[in-house]
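A short worksheet on the structure shown next.
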Amino acid sequence: MSDSPSTLSRRQWLGRGGAALAAWSLGAWTSPAFAQPRPLPAYAAWKDAPSLIVHSNTTMETRRGAFGTSVITPSNQLYIRNNLPPPEAAILAQRDEWVLELVGVAQARSLRLAELKTLGLETVATVLQCSGNGRAFFPGKPSGTPWTVGAAGCVVWSGVPVRNVVKALGGVQDGMKFLTGTGGEKLPEGIDPKSLVVERSVPLAALDDALLAWEMNGEPLSLAHGGPLRLIVPGYQGVNNIKYIQRLAFTARETDARIMAHGYRLTPPGQQPDPAQPSVWEMGVKSWINSPQPAQEPLAAGPVLIHGVAFGGVRGVQQVEVSVDGGKQWKPAELVGPDLGRFAWRQFAFKTTLASGTHLLVCRATDTAGQVQPQARMDNTGGYNNTSWLDHGVKVQVA
Ligand SMILES: Nc1nc2c(c(=O)[nH]1)N[C@H]1C(S)=C(S)[C@@H](COP(=O)(O)O)O[C@H]1N2
Ligand SMILES: [Mo]
């Protein structure tokens, strides 16, 4: 624990050098190829190591082969992405004493978690996905964690709807256009807090579905996933789901914190990140195959069951199609398992017979508004929002 952020002095932080800090904040401690698997960091030691690829102490993804077929991603297999080292576990000692500051409402005030728990209760299943999921498939190798498909999971949250809290505090003040959440990490002294703080703004419309959650998958929220309290913005990319939330503000403008103003922007190739470019907010319709997996031993010729997951961001999934010839001919897959609502993913299955040779298996989802998952990714310098069905294809050899 001697290396935890709150025990690092300013001198130590600065002493590591700007480049080291920059590399660290970009999550660039990636494992070199062929290195020994990294051990799980202490705050994630309860995770199922064989299910995870540990890119760094703050970035771990679920292996494609570890996703099961029963909708919910078990907590011990769920990916972790921290832009900063997490706070100390001591913040979970007295969960109900956690304080959330509310700003931009008629009666701005701070509420303890115990008080929030009296204002209402809702449970929602959502896909939690890092906007960089699928970055590994960008040919330009953008900097950042080379996630393939495993920086995502489908989990159940329980908490109080933000709209209930707002109602209890007299409503949103006039002129507010964004909901801005601030993470509770301790920031090092001597560095401009705006350059490090995890603070994100989403359009006020997100208020309809947003939740302040204290439980995930039926358990008190772990430190790794943002306990004691987390903002959930269903259908929005992971970064907007603020862990250890300590301040929720209704604001006229987007925050000027670096992670909002310059981070997570859809920056066209050759340009610099800029607040005028779109931010990573709503997730796009997307699907991928979890089995068979790529780069396995050759499959035996004959019947194969292809299965995977599909989701539509803020909309549900209408259909999933599968092609076993790289996208020339498509056939509908079967949606299987329970439908946990429009923010959850659906499991799909497709029975086929494969002859010997090489096959490119691909899948393509359509959401309830008729939006079809695209063939091509939208190029951007950060490697965000990859929904390309071609990029997510699985090449198999059949003996
Ligand atoms: N306070 C805080 N919230 C945060 C982050 C963070 O570093 N600090 N990371 C964000 C990012 S980029 C993602 S993808 C998700 C990851 O959530 P998980 O670690 O629970 O899987 O949390 C988001 N919320
Ligand atoms: Mo993320």
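FYI, it's all coordinate maths here, none of it is from the lab. Everything numeric in this text was worked out from a predicted model, so none of it was measured. Quick reminder, even Gly has a Cβ in these numbers, built from the backbone with ideal geometry, and neighbours come from all protein chains shown.
Odds and ends about this structure:
- Cα gyration tensor, segment 340-381 - rounded (a/c under 1.5), prolate or oblate: oblate
- Cross-link reach is defined here as a Cα-Cα straight distance under 12 Å, omitting same-chain residues fewer than 8 places apart; for K186 the aspartates and glutamates meeting it are E88.
- With the convex hull of its Cα atoms as the shape, the chain has an orientation-averaged projected area of 19.7 nm².
- Listed peptides 219-226, 362-369, 272-279, 42-49 by packing density, highest first (mean Cβ within 10 Å): 362-369, 219-226, 42-49, 272-279
- The peptide list 51-59, 336-344, put in order of mean Cβ contacts within 10 Å with the highest first, becomes 51-59, 336-344.
- Sites L305 and T358, calculated FRET efficiency, Cβ-Cβ separation with R0 22 Å, nearest 0.05: 0.70
- Length-normalised contact order for the chain - Cα pairs under 8 Å, 6+ apart - percent: 16
- Rough spin-label spacing in nm, given labels placed 7 Å along Cα→Cβ, for A49 and K331: 4.3
- Segment 195-236 versus segment 344-387: alpha-carbon centroid distance in Å: 27
- Exceeding the 23 Å Cα-Cα cut-off - candidates K286/K395; K117/K194; K167/K286; K117/K243: K117/K194; K167/K286
- Global form of segment 327-399, assessed from the alpha-carbon gyration tensor, a/c cut-off 1.5: oblate
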